[in-house]
1. Where residues in segment 19-36 are surrounded by fewer than 16 Cβ atoms within 10 Å (Cβ to Cβ) and closer than 19 Å to Ile108 by Cα, which of them is modelled with the lowest pLDDT?
2. Test of understanding: among Ala89, Ala16, which residue is buried (at least 21 other Cβ atoms within 10 Å of the Cβ) and closer than 27 Å to Ala279 by Cα?
3. May I ask you to say which residue of Leu47, Leu52, Leu78 is in contact with a helix residue (DSSP H, G or I) (Cβ under 8 Å, 6 or more places away or on another chain) and under 30 Å from Val198 (Cα atoms)?
4. For segment 114-129, which residues satisfy the criterion of being surrounded by fewer than 24 Cβ atoms within 10 Å (Cβ to Cβ) and not in a helix (DSSP H, G or I)?
5. Specify which of the listed residues (Arg222, Arg273, Arg278) is within 24 Å of Ala115 (Cβ to Cβ), within 21 Å of the chain's Cα centre (by Cα) and not aliphatic (A, V, I, L, M).
6. Find the residue count for segment 179-189, including only residues that are in contact with a strand residue (DSSP E or B) (Cβ under 6 Å, 6 or more places away or on another chain) and either of a type in the set (A, V, I, L, M, F, W, C) or more than 17 Å from Ala93 (Cα to Cα) (or both).
7. Applying the selection to segment 164-177, what residues are out of contact with any Leu (no Cβ under 6 Å at 6 or more places or on another chain) and open to solvent by less than 60 Å² (accessible area, probe 1.4 Å)?
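The values are calculated or read from the model by the stated rules, or taken from the named source; none is laboratory data. Note that the structure is a prediction, hence the values are computed from the model and not measured. Positions of Cβ are backbone-derived with ideal geometry, glycine not excepted, and every protein chain shown enters the neighbour counts. We work out accessible area using only protein heavy atoms, side chains counted, and drop any ligands, DNA or RNA first. Shrake-Rupley method; radii C 1.70, N 1.55, O 1.52, S 1.80 Å.
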Amino acid sequence: MISAAGYLQPAHLAAALDELARAPRTLIAGGTDVYPACVGSAPPALLDISLLPEMRGIEWITGGTVLRIGACTTWSELVRKPLPAYVHALTQAAREVGGMQIQNRATIGGNLCNASPAADGVPPLLALDAHVEVASTRGTRHLPIDAFVLANRRTALAADELLTAVEIPARSPNAVSCFLKLGHRRYLVISIVMVAAVLDYDAGDRVSYCGLGVGACSAAARRVRTLELGLLGTARAEVPERARALLDRGALDVLAPIDDVRATRDYRLDAARGLVLRALSELAEPARR
């Protein structure tokens with residue numbers, strides 16, 4: 001355990017949980033969100049979890065049916081890891097998290113715990129039906145992403161808990177995904193709208209799973225479950241037409257965008273519709289099979 005005034009760096013998860021059980025502390029892994037928030041003010045009491053071996057790495061568990069990503073895994077590590085096509089949306093999002101320096105430091109767990117409505121990692125994890133693993137001295141629990149990220153800067157994490165991992169269920173070899181982001185420029189930009197989509201197909205080339213996540217259009221990124229359920233059983237070639245019909249019936253009513261300096265509410269809704277159709281059309285192309 002490395003200790004200094006207001007700073008602790010435990011070597012193992014158990015020690016970190018013991019410290020959190022004693023008193024709340026500000027967690028730090030990559031530091032890309034914590035340090036900017038400290039400008040002009042005294043730094044908080046920090047618990048540095050960046051060296052915890054239990055919270056790093058990417059591996060298949062439970063007989064290859066779940067992809068486990070340690071919460072302290074960086075976006076650069078995620079990009080470098082060979083992963084199946086259905087996880088492509090997450091690796092695409094990883095390349096959009098700031099510049100290379102940020103990607104080398106920022107972690108997937110930090111992105112979730114910061115809980116920005118425009119967090120690039122949240123829509124693909126929603127679309128992938130991912131869960132988080134949360135630990136404390138009281139035990140471990142698992143939550144779906146939309147039950148963990150609750151609103152702007154608000155999560156379900158208790159003061160004595162750590163987000164230790166993200167777990168993604170496996171899909172068939174037919175599954176594909178993509179991530180689309182709209183901003184005022186191509187790189188190093190906060191999103192106006194983000195869309196992540198995952199489609200899996202059965203042996204008859206019909207949709208057996210659909211996941212859709214939209215970010216920067218609500219207090220927290222949202223799944224579009226009306227579209228997800230409405231596309232089940234749809235033939236690949238009919239996916240764009242079916243999606244358009246569902247959107248015309250108000251499938252995006254779950255979103256609640258605001259007017260701000262980046263875009264108006266109406267622009268965001270129109271952009272979200274366009275990105276959803278574009279993503280689903282890409283994933284319906286026969287060449288992606």
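1. Looking at residues that are surrounded by fewer than 16 Cβ atoms within 10 Å (Cβ to Cβ) and closer than 19 Å to Ile108 by Cα, I get Tyr35.
2. Numbers: Ala16 fails: closer than 27 Å to Ala279 by Cα.
Only one candidate qualifies: Ala89.
3. Working: Leu47 fails: under 30 Å from Val198 (Cα atoms); Leu52 fails: under 30 Å from Val198 (Cα atoms).
Every option except Leu78 fails the conditions.
4. From segment 114-129, those surrounded by fewer than 24 Cβ atoms within 10 Å (Cβ to Cβ) are 114-118, 129; that's our starting set.
Ala115, Ser116, Pro117, Ala118, Asp129, listed by residue number.
5. Working: Arg273 fails: within 24 Å of Ala115 (Cβ to Cβ); Arg278 fails: within 24 Å of Ala115 (Cβ to Cβ).
Arg222 is the lone residue from the list that is within 24 Å of Ala115 (Cβ to Cβ), within 21 Å of the chain's Cα centre (by Cα) and not aliphatic (A, V, I, L, M).
6. Residues of segment 179-189 that are in contact with a strand residue (DSSP E or B) (Cβ under 6 Å, 6 or more places away or on another chain), as a first pass: 179-182.
Okay, now just the ones that are also either of a type in the set (A, V, I, L, M, F, W, C) or more than 17 Å from Ala93 (Cα to Cα) (or both), so 179-180, 182.
Selection size over segment 179-189: 3.
7. Looking only at segment 164-177, we keep the residues that are out of contact with any Leu (no Cβ under 6 Å at 6 or more places or on another chain), and these are 164-167, 169-175, 177.
Correct list: Thr164, Ala165, Val166, Glu167, Pro169, Ala170, Ser172, Asn174, Ala175, Ser177.
Residue-by-condition table, conditions (1) charged (D, E, K, R); (2) in contact with an Asp or Glu (Cβ under 7 Å, 6 or more places away or on another chain):
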site: Cys210; (1), (2): no, yes
site: Gly215; (1), (2): no, no
site: Ala220; (1), (2): no, no
site: Arg223; (1), (2): yes, yes
site: Leu231; (1), (2): no, no
site: Ala235; (1), (2): no, yes
site: Glu238; (1), (2): yes, no
site: Arg242; (1), (2): yes, no
site: Leu247; (1), (2): no, no
